[in-house]
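Worksheet: one structure, shown below.
None of the figures in this text is laboratory data; all of them are computed from the coordinates on show. Worth saying up front: this structure is predicted, and the values here are computed from it rather than measured. Don't worry about glycine lacking a Cβ; one is built from the backbone with ideal geometry, like all the others, and counts go over all protein chains shown.
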Amino acid sequence: MASVVTDNIVDFELPMVPLNLAKRRRIRWGRGLILWLAAAYFIIPIYAALKFSLQNINGSFSLSPIAAIPSQPGLAAAFFLSMRLAFVTLAIVLFLMVPTMIYVHMKMPRFRRFMEVVTILPIVIPPIVLILGVLEAAPLWLKASPYLLALVYVVLAMPFVYRSLDSGLGALDVKTLVEAARSLGAGWISTIWRVLVPNLRSALLSATVLTLALVLGEFTMASLDLWETLPVWIVDFDQTNAHISTAVAMLSLLGTWALLTLIVSIDRSHSRRRRRNDV
């Protein structure tokens, strides 16, 4: 702050607020508004669904729909079928994509653009078209198995798994890590499992969450394949008791969020532990 003395009068010059600081404040207000709008977009429908499922005819709230969930016929079978399909899908897609992505990043980097185009096709092609084509071409013994859905879910999960692994591998010097491991006598399986996979922890966790969320929420393919997974059970049971059906859907959504939070917290705790060890 500077001052100027003129005819025994002291004039003080007020400090000027930097324009950059004012712009930052406006940007922060804009970000906060966007976050609040996004939160309202997700929270208001969930609140409305919970209110509908827990409110009875008299207008009072009761937890009886939630308490009645375990005793509903067919729910346990549908839930365990969805979980089996989720874990089989996850195992297949990671087994196929992790070595393929590592090989492409090491030996065929120009092939990445082609893979981006191929892996975007499951998003472009409607699921109903995909499942009808698969049911037309699949053999009878595979049609009779629910794991046909797992094979189709692998195709649906491929775009998300590819982009998670691609971003994770892009942050690593894959060639240096592989050459160092190979020079120390490690085989390819040992190199992938003990060198690259630990460095891809965050990417693998992201791919896991996206795959599980996709399988646990997919309805169209399971319905056309005539298997009663959890989403199919929710839609079918909605005609019998909409309150319990809505409560199951909300619990499924909250369970997916809890799983996502757990995986993210595990990843963060591991990162903090590694930083402490490095220090």
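Can you tell me what the convex hull of the Cα atoms of the stretch 99-153 projects to on average, as an area in nm²?
If I average the Cα hull's projected area over directions, I get 4.9 nm².
Could you go through the stretch 184-190 in sequence order and give the Karplus-derived ³J(HN,Hα) for each residue, using 6.51 cos²θ - 1.76 cosθ + 1.60 with θ = phi - 60°, rounded to whole Hz, and x for Gly and Pro?
Karplus-based 3J(HN,Hα) across the stretch 184-190 equals 8, x, 7, x, 5, 5, 5 Hz.
Which order, highest average first, do 131-142, 150-161, 217-228 follow once you tally other Cβ atoms within 10 Å for each residue and take the mean per peptide?
Values: 131-142: 12.3, 150-161: 21.5, 217-228: 17.7.
Final packing ranking: 150-161, 217-228, 131-142.
Can you sort TYR162, TYR147 so the residue with the fewest Cβ neighbours within 10 Å comes first? Don't skip to the answer; put the middle values down first.
Values: TYR162 21, TYR147 15.
Fewest to most other Cβ atoms nearby, the residues stand as TYR147, TYR162.
HN-Hα J couplings of the stretch 64-80 from phi, Karplus 6.51/-1.76/1.60, θ = phi - 60°, integer Hz, Gly and Pro as x?
4, x, 5, 5, 8, 4, x, 8, 6, x, x, 5, 4, 5, 5, 5, 5
Report the FRET efficiency, 1/(1 + (r/R0)^6), for ARG28 and ALA77, where r is their Cβ-Cβ distance and R0 is 41 Å, rounded to 0.05.
In this case the efficiency is close to 0.25.
If R₀ is 35 angstrom, what is the calculated FRET efficiency for the pair LEU262 and ILE123, using the beta carbon separation as r and rounding to 0.05?
So, using R0 = 35 Å, E works out to roughly 0.80.
With +1 on the Cβ of every Lys and Arg and -1 on the Cβ of every Asp and Glu, and nothing else charged, how large is the dipole of the stretch 73-278 about its Cα centre, in debye rounded to the nearest 20?
Using only the charged Cβ atoms, the result is roughly 1200 debye.
So, by mean Cβ neighbours within 10 angstrom, what's the order for 100-111, 192-203, 41-52 with the highest one leading? Working shown, then result.
On the way: 100-111: 14.6, 192-203: 16.9, 41-52: 12.0.
The most tightly packed comes first, giving 192-203, 100-111, 41-52.
By per-residue mean of other Cβ atoms within 10 Å, what is the highest-first order of 64-71, 239-246?
Working: 64-71: 12.9, 239-246: 16.0.
Taking the mean over residues of other Cβ atoms within 10 Å, the ranking is 239-246, 64-71.
Please work out the Cα center distance from the stretch 90-137 to the stretch 26-46, rounded to the nearest Å.
Here the two parts' Cα centres lie 34 Å apart.
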